Amino acid sequence: MLADYSILLIGAILVNNFVLVQFLGLCPFMGVSNKLETAMGMSMATTFVLTLASACSYLSYNYLLQPLGLGYLKTISFILVIAVVVQFTEMVVRKSSPLLHRVLGVYLPLITTNCAVLGVALLNINKDHNFLQSLFYGFGAALGFSLVLVLFAAMRERLAVADVPSPFQGAAIGMVTAGLMSLAFMGFAGLV
Amino acid sequence: MRKVWDFHGGIHPAENKYQSLHTPIRQAGIPAQLTYPLSQHIGAPAKPIVEVGQQVLKGEMIARADGFVSVPVHASTSGTIVAIEERMVAHPSGLPAPCIVLESDGRDQWVELRGIDDYHQLDKPALLEIIRQAGIAGMGGAGFPAAVKLGVNPQAGKIETLVINGTECEPYITADDILMRERADEIIGGTRILQHLVEPTETLLGIEDNKPEAIAALLAAAQGTDVEIVVIPTKYPSGGERQLIEILSGKQVPSGGLPANIGVVCLNIGTALAIYRAVTHGEPLISRITTVTGEALEQPQNFEVLLGSPMRFLLDQAGFQAERSTRLVMGGPMMGFTVMDDEAPIVNTTNCLLAPTETELPPPSPTQACIRCGLCADACPASLLPQQLYWFAVGKEYEKLENHKLFDCIECGACSFVCPSSIPLVQYYRASKAEVLQARKDLAKSDHARLRYEARDERLERESLEKEAKRKARKEAAEERARQAAAAGNEAEADPIQAAIDRARAKKAAAQQAASDQPPTGETPPADAAQLAIAKAMAARATNSGQSPLEKAEAKLKRLRERLANSETKLQQSQAADADDTIINALQSALEKLRPKLAEAERELASLQEQNEA
Amino acid sequence: MYELIAQYPFLAALVALVGMGLCFGALLGFAAEKFKTEGNPISEQINAILPQTQCGQCGYPGCRPYSDAIASGDAAINRCPPGGEATIAQLAILLDVEAIPLDEEHGEEEQAAIVAYIREDECIGCTKCILACPVDAILGAAKQMHTVIVSECTGCDLCVEPCPVDCIDLLSEETTVQSWHWDLPPPTIIATDRESSLADEEKAA
């Protein structure tokens, strides 16, 4: 059993990393990775949202929609669930760290439209995960997202002061770096 | 063999020491003019205690220490003070600094010296005071006042190890080497004084293995004492205080800390020798050994030179050929700086004057881009990351610079030496250190200004509140008084405003009454006092115009006589009452003015009367 | 019940969604009450970065109003000349925005520290400058000599105008051997940018 869950986790974090392999959630990935502190703040917020959202989506699907035969409403109701969780997270962040709230700015409510979050919720349904598996899958996805976000932010901080030719400065070299990171992560293919 | 450790990194540049070791120490002699900068070290500048034109003797104090971290300055030869003004000094900025200028008289007469025969009799504060008053600052590089370094540091614990630094790791410099060869006894003597002062558990004298004669001399001198001569492998920069301590004890001085934090104190052999001479002979620090070397000189050698001598003085004696030299460096090729003006004086940290030719010390190659090879991190003796420090310095990321321990950099130059792209790394670190310190200062200043501004805001608010409170109190008191008065039935007190209005009205009514009592003049009765006065004047004029000139003159005379009589009575009264002189004088002068007028009026009347009769 | 839902699937969907919406709405409302925040702590942090000269060159009457304006998004971060590029850079890092160049409209950045100096021969003791100084750095009283306490003066320039005899100068502090420091070496330009930078220089020349 432990092996199953570890495989699930490793799969979500490394092998099928949501950002670099499945190319979901690229908006906050590029937008928030300028500084390491904001990246860490964002990754914590996303972890919280992802875990909670995948749990709530599972519950709402299996105990409300499925029994009523309303499975076709899952997209709308997942969006609703995610929006509520994100709002809740935003309130918590504003209370605990107003600076982080201000720095994250619009990217915090944009977690609502983060395709990775909706993707996790929908993938859980597709793969017929039970509650615990959904939770782990969501948590693993979040960990993978955080890992890549922090790595990328650290690299972008170094790039900011490096001798980058002017046409490449800023987002361009960021994209190139992300592409190279993605290549590296594809090396994990076939691990599980 | 005592165990020695090693420090991380280090480099092995060409030593180039043989050039200046052919001859023994030569006395440089007395130059015509000597210049003493008032600030020769990190502490506060000294304050001059002589005046222009004053004669001073050799060894006499010419500037006293100012504050705790400060040393006095002494005249290094006898002569006359000719100026106390800004002069060029040996500083990388090329800016002048306040100096005392002495013109030597050639006699080199010593001031009376008092040496101590047995310093064991003295207690530590007295010994420290002798060292301080002798003007002894470190002779190795930074020039920190020795008495402060040796003084009691309440934060540090007991000093376990006394380290005497005889390594002299920098290429070209041989001043310490030749000093150890020729005056090993005095060095050991100074070390023993320091032992008495510091009372360490062990005393180690570190020396590199490229100085065999010096090692032999020291071993001979240290026989019978517990000073241990430790020979260490030659590597640059083993002579750095922290690096030497790590080699000899295996312990690293903590980041941002002092050697005293791990129970070590480290002094240069030149400083030890100066302490010996100060204590036993009473001589202040007035001379040092300076290596003058480089291919642009005919005879590179070591000089014992009086502090304050111009560099030119030494260069001439060593056969300086200006056309062959590109620049003049004070210090060695790694940590020295270029001196613009060779008239700048020798100070107690001038261990070397380097006059290289173009081929010997070529100008730096053009800087290229950093290739991130990491050779600098391999070479750094302080185990820092020069490459990261470089990128942060370029990007001005001060927080990251501090996190990467920028202030632990000893600016030895090993990283720039190995850099394949010829990047002047040390310059970046020096500039960044200054910028970080400036940013800290600015922050402190702005915090302070904010507090003052807030205090001022508070004060203004407090003042306005107080004013408001006072005004309210006064108003309440007035109301209270009014209430009480109303209760007592006193109309006037109860409402002073109304009372004032009533008074004015009453006055007006009285004036009207007075006007209506007057005989009718055919005009409407005047309504108030002003109109009354106007009416009176008009009536007077009417009577006047009806009179003949004779009658007018008579009337005038009568009025004047009345006035005179009045003034005279007034004067008599004042004199009787013994009033002020001013009043009496005023009355007398008025009287004097009246009398001519009276005489005039009488004449007029007389002439009119004549006319009338005629 | 399931028969009812099977008969009216539209109704069931409506009920489900509305029910979820109400439920979540209640939850959020409760959370909004529980996690209320007061005040504006960002303004404090911004104020700590500003140089506190209270000179008003930014267009706001003091550093605190300017920091409030930045916190609420009304003002750009590049309006403080005494702070200069360093302050803009720090504000950019704090607020995670781009570091824009100083807005020249509000004044130029002074290179050296400036301090006010009263020419005491001409001072008439009117106290107008004392009232103007935002940090109380001028010592004096009515009909008594006024003088500037150099260590407290921030060089904000507010005392120069009120002086009726125009006896206040703003002097920059001289560099001495003690205050001199090394400068950064000139930046290296990498090859690909060299051509464009040469073109820029030619354009400027």
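Sequence-ordered 3J(HN,Hα) estimates for the stretch B:69-77 from the Karplus curve with 6.51, -1.76 and 1.60 and θ = phi - 60° stand at 8, 6, 10, x, 10, 10, 6, 8, 7 Hz, glycine and proline given as x. Between the Cα long axis of helix A:74-96 and the first principal axis of chain A there is an angle of about 50°, rounded to the nearest 10. A helix-only calculation puts the protein assembly as shown at -15500 deg cm²/dmol for mean residue ellipticity at 222 nm, using -39500 (n - 2.57) for each DSSP H run of at least four residues, averaged over all residues.
Taking only the alpha-carbon atoms of the stretch B:1-159, what semi-axes of the equivalent ellipsoid follow from 5 times the gyration tensor eigenvalues under a square root, in whole Å, largest first? All intermediate terms of the calculation are to be shown ahead of the outcome.
On the way: eigenvalues 187, 118, 72 Å².
Value: 31, 24, 19 Å, ordered largest first.
Using Cβ point charges alone (K and R +1, D and E -1), the dipole size of the stretch B:29-142 about the Cα centre works out to roughly 220 debye. For the pair A:Lys95 and B:Glu461, what calculated FRET efficiency results from E = 1/(1 + (r/R0)^6), where r is the Cβ-Cβ distance and R0 = 35 Å, to the nearest 0.05? The calculated FRET efficiency here is 0.65. The spread of Cα positions in the stretch A:13-79, taken along each principal axis and listed from longest to shortest, comes to 46, 22, 19 Å.
Cross-link partners of B:Lys593 among lysines, defined as those whose alpha carbon lies under 18 angstrom from its own and excluding same-chain residues fewer than eight positions apart: B:Lys556, B:Lys558, B:Lys570.
Magnitude of the charge dipole for the stretch B:375-437, about its Cα centre and with charges confined to Cβ atoms of Lys, Arg (+1) and Asp, Glu (-1), is about 80 debye. Within the stretch B:362-401, the trypsin sites (Lys or Arg not before Pro) that combine a DSSP coil assignment with at most 15 other C-beta atoms in a 10 angstrom radius are B:Arg372.
Label sites at B:Glu228 and B:Thr23, each approximated as a point 7 angstrom past Cα along Cα to Cβ, lie 4.0 nm apart. The length gained by stretching the chain between B:Gln54 and B:Ile583 to full extension, at 0.36 nm per residue less their Cα-Cα distance, is 183.8 nm.
Each distinct pair of alpha carbons in the stretch B:1-50 adds a 1/r term; the inverse of their mean, the Kirkwood radius, is 17.3 Å. For the stretch B:232-249, the residues whose backbone nitrogen is under 12 Å from a point 7 Å from the Cα of B:Glu160, taken along Cα to Cβ, are B:249.
FRET efficiency for A:Cys27 and B:Thr338, Cβ-Cβ distance as r, R0 = 45 Å, nearest 0.05?
0.25
For chain B, hydrophobic long helices are taken as DSSP H runs at least 24 Å long by C-alpha position along their axis with mean Kyte-Doolittle hydropathy of -0.5 or more; these are B:529-546. Once backbone amide H atoms are built at 1.01 Å from N, B:Cys352 has B:Thr291, B:Gly331 as its partners under 5 Å, excluding neighbours fewer than 5 places away on the same chain. Amide H to amide H distances under 5 Å link B:Gln40 with B:Ala46, where only residues 5 or more positions off or on other chains count and H is placed in the peptide plane. Summarising the label geometry, the points placed 7 Å from Cα in the beta-carbon direction at C:Glu105 and B:Trp110 lie 7.7 nm from one another.
Couplings 3J(HN,Hα) of the stretch B:350-358, computed from phi: 7, 8, 7, 10, 10, 10, x, 8, 4 Hz, in residue order, whole Hz [Karplus 6.51 cos²θ - 1.76 cosθ + 1.60, θ = phi - 60°; x for Gly and Pro].
Taking the centroid of alpha carbons for each part, the stretch A:1-26 and the stretch B:227-258 are 52 Å apart. Pairs spanning more than 23 Å between alpha-carbon atoms, out of B:Lys149/B:Lys251; B:Lys396/B:Lys445; A:Lys95/B:Lys396: A:Lys95/B:Lys396. DSSP bridge analysis restricted to the stretch B:167-312 gives an antiparallel fraction near 50%, rounded to the nearest 5.
One quarter of the convex hull surface built on the alpha carbon atoms of the stretch B:92-174 amounts to 10.4 nm², the projected area averaged over directions. Around the Cα centre of the protein assembly as shown, unit charges on the Cβ atoms of Lys, Arg, Asp and Glu (plus for the first two, minus for the last two) sum to a dipole of about 2900 debye. With pairing defined as another cysteine C-beta under 4.7 Å, the cysteines of chain B that fail it are B:Cys99, B:Cys169, B:Cys266, B:Cys352, B:Cys370, B:Cys373, B:Cys380, B:Cys409, B:Cys412, B:Cys419. Convex hull volume of the Cα atoms of the stretch B:18-354, normalised per residue: 130 Å³. Compared with the rule-of-thumb size 2.2 N^0.38 Å for a compact globular protein, the stretch B:221-273 has a Cα radius of gyration ratio of 1.24.
Among beta bridges identified by DSSP and lying wholly in chain B, the antiparallel ones come to about 60 percent. The residue list C:Val160, C:Ala92, C:Ala141 was ranked by how far each Cα lies along the charge dipole of the stretch C:73-161 toward its positive end, using unit charges on Cβ atoms, and C:Ala141 comes out on top. Of interest is the spacing of the C-alpha centroids, which for the stretch A:154-174 and the stretch B:390-404 amounts to 17 Å. Quick one: work out the % antiparallel among DSSP beta bridges in the protein assembly as shown, nearest 5. Close to 65 percent. Over the protein assembly as shown, all Cα pairs binned in 10 Å intervals from 0 give whole-percent P(r) values of 2, 7, 11, 13, 13, 12, 10, 7, 6, 6, 5, 4, 2, 1, 0, 0, listed from short to long.
Using modelled amide H (1.01 Å from N, peptide plane; none on Pro or chain starts), what sits under 5 Å from the amide H of B:Leu328, excluding residues fewer than 5 places away? Under 5 Å from the amide H of B:Leu328: B:Val339. Taking a ≥ b ≥ c as the square roots of the eigenvalues of the Cα gyration tensor, chain A is classed as oblate, since a/c reaches at least 1.5 and a/b does not exceed b/c. Residue pairs exceeding 32 angstrom between C-alpha atoms, taken from B:Lys235/B:Lys405; B:Lys17/B:Lys441; B:Lys58/B:Lys211; A:Lys35/C:Lys203: B:Lys17/B:Lys441; B:Lys58/B:Lys211; A:Lys35/C:Lys203.
Histogrammed with a bin width of 5 Å, the alpha carbon distances of the stretch B:375-437 distribute as 4, 22, 37, 24, 12, 2 percent, first bin at zero. Calculate the length of the line joining the C-alpha centroid of the stretch A:65-130 to that of the stretch B:411-447, in whole Å. Centre-to-centre (Cα) distance: 48 Å. Candidates B:Ala599, B:Leu557, B:Ser589 compared by Cα position along the dipole of the stretch B:548-614: farthest toward the positive end lies B:Leu557, with charges placed on Cβ.
Considering only B:Gly263, B:Thr23, C:Thr53, and ranking their Cα positions along the charge dipole of the protein assembly as shown that arises from unit charges at the beta-carbon of Lys, Arg, Asp and Glu, the one farthest toward the positive end is C:Thr53. For chain B, the alpha-carbon radius of gyration amounts to 1.87 times the rule-of-thumb value 2.2 N^0.38 Å expected for a compact globular protein. The phi-based Karplus calculation (6.51 cos²θ - 1.76 cosθ + 1.60; θ = phi - 60°) puts the 3J(HN,Hα) values of the stretch B:252-264 at 9, 5, x, 4, x, x, 10, x, 4, 5, 10, x, 10 Hz, whole numbers, x for Gly and Pro. A simple spin-label model places the labels of B:Ala576 and B:Ala509 4.2 nm from each other, with each point 7 Å out along Cα-to-Cβ. Computed from the Cβ-Cβ distance with R0 of 60 Å, the FRET efficiency linking B:Ala469 to B:Val82 stands at 0.35.
Read-outs: derived from the displayed coordinates by stated rules, not from any lab. Please read all numbers here as calculations on a predicted model, not as lab measurements. With ideal geometry, Cβ positions are generated from the backbone for all residues, glycine too; neighbour counts draw on all protein chains shown.
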